[in-house]
Amino acid sequence: MNYMNEEAQPQQEPISDEKKKQNSIVETIQQLGQTTTPASESNIFCMTIIGQVEGHIVLPPQNKTTKYEHLIPQLVAAEQNSKIEGILIVLNTVGGDVEAGLAIAEMISSLSKPTVTLVLGGGHSIGVPIAVAGNMSFIAATATMTIHPIRLNGLVIGVPQTFEYLDKMQERILRFVTMHSNVTEETFKELMFKTGELTRDIGTTVIGSDAVKHGLIDAVGGLGDALRELNRRISEQKSAPQTGVYN
């Protein structure tokens, strides 16, 4: 029998604190593109919705996506966490799955804590209901929002029921947007079915101030404006008298 000499085995050196620090810095650079991250804790939870909203179908790996099954647990945790007093939703999305987008929008609108949404770059397609779901919405001056009818991908059965399904789903979006913003049903339908503006589709692209003019978004502003409004609403909620019922 051959016995391995214990002295011949390579000894693993313990990783020093300096080495751990270097590894942490390298990982931070790879993930965030910077060497340090803000260390201070905040009472505001920031959620980003970037790229395409991914629903029940997994998109190709080259697509920048936001998975709705990742966002829903975060919203539940933020609602339950007593240290979080307000929620900021930052959007730069091209749209995506209709039902996933509506699910996110419904969850945001049903939160008990103050919520403010901010559209940076773009809040297109199903990003519109998400953008209007908060208590207050902002849009950057150069950001855009594309409003168009919904479409189906893949196999489409050419029967009347298919078109009825599309019409009902479109009605859900219309009802949600008009309930949570100042846009009228007539204006939103006019923007949705406008021809001649989009080269490969029907609909309308509105820029910052136009979105406010139509009543879709509350105000033109950036990150500072959104945070100021959110902090103001947090202060108002703190100072509001707490009422309870004892049975």
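The values are calculated or read from the model by the stated rules, or taken from the named source; none is laboratory data. Predicted model only: the values in this text are computed from it and were never measured. Note that we place each Cβ from the backbone using ideal geometry, even for glycine, and neighbour counts take in every protein chain shown. What goes into the accessible areas is simple: the full protein's heavy atoms, side chains included, and nothing from ligands, DNA or RNA. Shrake-Rupley method; radii C 1.70, N 1.55, O 1.52, S 1.80 Å.
In this model, which of LYS83/LYS113; LYS113/LYS238; LYS83/LYS238; LYS64/LYS168; LYS189/LYS213 are farther than 19 Å apart at the alpha-carbon? Walk me through the intermediate numbers first.
Working: LYS83/LYS113 11 Å; LYS113/LYS238 11 Å; LYS83/LYS238 13 Å; LYS64/LYS168 29 Å; LYS189/LYS213 15 Å.
Check vs 19 Å cut-off fails for LYS64/LYS168.
At 37 °C and 0.692 mPa s, what whole-number value in µm²/s does Stokes-Einstein give for the translational diffusion of the range 127-247, with Rh from the Kirkwood sum over Cα pairs? Show your work: numbers first, answer last.
Numbers: Rh = 16.7 Å.
My calculation gives 196 µm²/s for D.
Calculate what fraction, in whole %, of the accessible area of the range 31-140 sits on carbon and sulfur atoms when a 1.4 Å probe is rolled over the protein chains.
On the way: 2710 of 5050 Å².
Result for the range 31-140: 54 percent of the exposed heavy-atom area is carbon or sulfur.
If R₀ is 51 angstrom, what is the calculated FRET efficiency for the pair ARG172 and GLU41, using the beta carbon separation as r and rounding to 0.05?
Working: r = 38 Å, r/R0 = 0.75.
Given R0 = 51 Å and the Cβ-Cβ separation, E is 0.85.
With a 10 Å radius around each residue's Cβ, average the other Cβ atoms per peptide and rank 219-228, 163-172, highest first. Before the final figure, lay out each step's value.
Numbers: 219-228: 16.8, 163-172: 12.5.
Highest mean packing first, the order is 219-228, 163-172.
For the range 92-136 and the range 177-231, write down the distance between their C-alpha centroids in whole Å.
Cα centres, the range 92-136 to the range 177-231: 12 Å.
Go through the range 86-98 residue by residue and turn each phi into a ³J(HN,Hα) via Karplus (6.51, -1.76, 1.60, θ = phi - 60°); whole Hz please, and just put x for glycine and proline.
Whole-Hz 3J(HN,Hα) from phi for the range 86-98: x, 10, 10, 9, 10, 10, 8, 10, 8, x, x, 5, 5.
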